[in-house]
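The values are calculated or read from the model by the stated rules, or taken from the named source; none is laboratory data. It should be emphasised that the depicted structure is a prediction, and the values quoted were computed from it without experimental measurement. Here the Cβ positions follow ideal geometry from the backbone for every residue, glycine too, while neighbour counts run over all protein chains shown. To get the accessible areas, we keep the full protein, side chains included, count just its heavy atoms, and leave off ligands, DNA and RNA. Shrake-Rupley method; radii C 1.70, N 1.55, O 1.52, S 1.80 Å.
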Amino acid sequence: MMLPRSSLYPRRCFNTRHSLFLIGLLLATSMTLVMSKGSTTSTTSNNVRVRETRKISKDVVDDGLVPMMRLLKKTPIPTYSPTTEPPKKQPKPKKTDPPTYFPTRSFPPTDSPTVSHPPTNFPSPRPTKTPPAPDVVDTPSDSTVDKPSDVVDKPSPNVINGAPTTAAPMDGPTTSPTTAAPTTSPTDGPTRSPSDSPTRSPSYSPTSSPSTSINPTAIPSMPPTETQQPTESPSSTPSALPSSQPTSIPSISPTTSTMPSMAPIPYTRSSRIDLRYKPWSKLSSETRELATQLDYDETTWNTIGTNPIEGLNWNRLTREQINAAQQLGYEPFSWDCWQNHFQSYRWIDLGLPYIQVGQWWEQLGWDIYTWNRYEDPPESDALGWYELSVEEREAAAQLCYFRSVWDEGDVLIDGFPIERPEFRYRHWMELEEGVRDVVDTSLKYSALSWNVLGLDAIEKRDWAALTSYESEAAAEIGFSQLTWDCWQNHFQSYSWDDLTFYGLDLPYLALGWTELSWDGVEAAPPSKGMSWKDLSQEQRQVASELCFFRDNWDGLDMTPNNGAFPFPKVKQRYVQWVEQPADARRMAGDTLFYNKTTWNNLGTAEIEKRSWEELTEHQKSDAVSLGFYHRTWDCFLNHYRSYVWENIDRDSQDALQVLGWSKESWEEKDVSPSYDNEWSRLSEKEQSVAAVLCFFEDNWDGNTLEVVVEPSIEEGTAVEGGVATDGEGGSPNAGSNTDPDAQTTTGVIRDPNVDSVAGISNPTDSANSVGTFGTKTMMGTLSFVFGTFIQFLL
């Protein structure tokens, strides 16, 4: 195996300069060894040599000179051995060259340690040995070797009882430990207090016996202590093991963790940029210019989801695009939500603390595999907005979707976002018997409230407000939460925030509603009082988004109407007071303030001067029980007298103008001269337009409903509804299967299309009005009185 090319050569090569330096160094070393023989100052020479050798540059060390010198040092160095003669004072050595930086090493070690100034750059490879006591002094004594000198005999001032002290440093190394007195024996236990800092390393051998604390516990506690109260502060780490059984009662105060919990994830959807959902034709020129900078045109602006820029998140936009988006009202989070819906994010980024939308995509069935297209998309991706479940639709709304955005256009069924429940728009008598029973007994509809769309109070509640009994009954006949809220309630019981959350406020905004008008703080928009034909094409289109069409917008009465009036006439109102059922008289008298006179004399009751909206809820309920609803009440009883001109439909305005009214005279309540004429004096055109205002001969002339009881009825009987009874009351249809709408006050069949109160009298009578019938009755009465007077005279 070949070594790398770099390993074949040392880092530096010995050149000529290095070779000369090495030869000179060897010569200097040899001369030093020769001079050391016979010198009495070997220690001093050695110290000088050490200082000289330390001056060797680091480059020499790196070039491998150290191993060469180590080979030279294997030669034993002769050491000085004292003789019997006293040593002679040696002359001072000549000044040598500057010391080197490289230390010399001797084998064996020298008698005394070398002292370097400054210290060496590297530690010694092994600890230094304790040198012997110095036996050579600078000043020789007069005594011989056999007799120690006085200097040796006298104790040093740093020695106490033969042992050196640490009061001051010695001139040379000591031969014994420096402590004043060694300990007699090691202690049995550790010191009472530990050191301030831990030891640098453990001991190499274990202690003979474990150390014991000063006051150890006798035995470990068994079992562990238990407390009934929670700890004052949470522990930094969880307990070792959870309890095997749940606690019987909750703690007094909730535990708090040092870190926040991960669920529920705090998430707040950003505010919608409503400008984005206006048609291109309604944008200002400045807004169009900004939209053009974002690569929009009329087609891509009006069709959401077709511009490729909506596939980019905020961080991928250019600086110019960000500037244009900011001027349109966007900021990073609103762009990523309402434009991109976070689709360009990585799956792992959807759960970041400042994003936190991964939970909603998971609710829609997505995971990391479907998100990265390793698997097919979930089923929700192919469903329409109203085909999603309630939970999925809520999750999609959190991701800034609503119907037109999710469906990427108008996906309509016969022009509506939700399939229409056709059974709801069948006449009461056309319902299947089982459906009619459920509607009657469980949902509490009547024939009138079913036939008049939007009339029953239950349709003012959304699905969530129904009782469980009512929702089960509604589901039994074919309703669901979605079809009920759209086709029955039209989302009218939703709060404005709920409408905004699902994007349903957009069609209501197009109809003129605002949050203040929705909450009743401001007046309702004019569109509320308009008929379907008065709405613009755009208003009709947005109304269909709320499941409106002509019939339920106008509150159509499905009762057959073959007369000249715009709505079926409420026949019960034109039956005299005494013939009304007891419950009807009670409701009319208690809440609507009718009495016999005001009921029988048409147009004289104060309650009829109020519009339907001016009635209380209790009054509306009783009026419905009498057969009225808002359109029939305002037309047949009020004749729009309490309306402002702008709230009157176009056909009724045209009729009023034919009768001599104008906007000014209507607002000033100046009665038109035509109203002073009797019905018979009106022109044919005036009578025709008066029918549009629900006028006919009797309520135009203010005729009375009161009739005289025919004398052919036996004494002790009363007449109710044209049927002789025993005085206990009863329905005019009692014991009869005849349609009540075709029943007359005399109990015989009449033409239901007769528009005169006289029509509910006996059709065999030649009278055609209440006035004619009254004249004949009066003539009979006068004949009876005159005959009685003649008999008295006789």
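Each label was represented as a point 7 Å from its Cα along the Cα-to-Cβ direction; for residue 306 and residue 536 these points are 2.3 nm apart. Annotation: extensible slack from residue 572 through residue 551 equals 5.1 nm (criterion: 0.36 nm per residue apart, minus Cα-Cα distance). Here the extension length gained between residue 188 and residue 328 equals 42.0 nm, from 0.36 nm per residue of separation less the Cα-Cα distance. Label positions at residue 665 and residue 460, each projected 7 Å from the Cα along the C-beta direction, are separated by 3.7 nm. On full extension, the segment bounded by residue 429 and residue 677 gains 85.1 nm, given 0.36 nm per residue less the C-alpha separation. Its Cα gyration tensor gives the stretch 433-486 an equivalent ellipsoid; the semi-axes, largest first and in whole Å, are 16, 14, 10. In this structure the stretch 482-609 gives 44 Å² per residue of accessible area when probed at 1.4 Å with all protein chains present.
In this calculation the C-beta distance from residue 419 to residue 389 is compared with R0 = 25 Å, giving a FRET efficiency of 0.90. Each of residue 582 and residue 344 was given a label point 7 Å from its Cα along the Cα-to-Cβ line. The distance between the two points is 7.8 nm.
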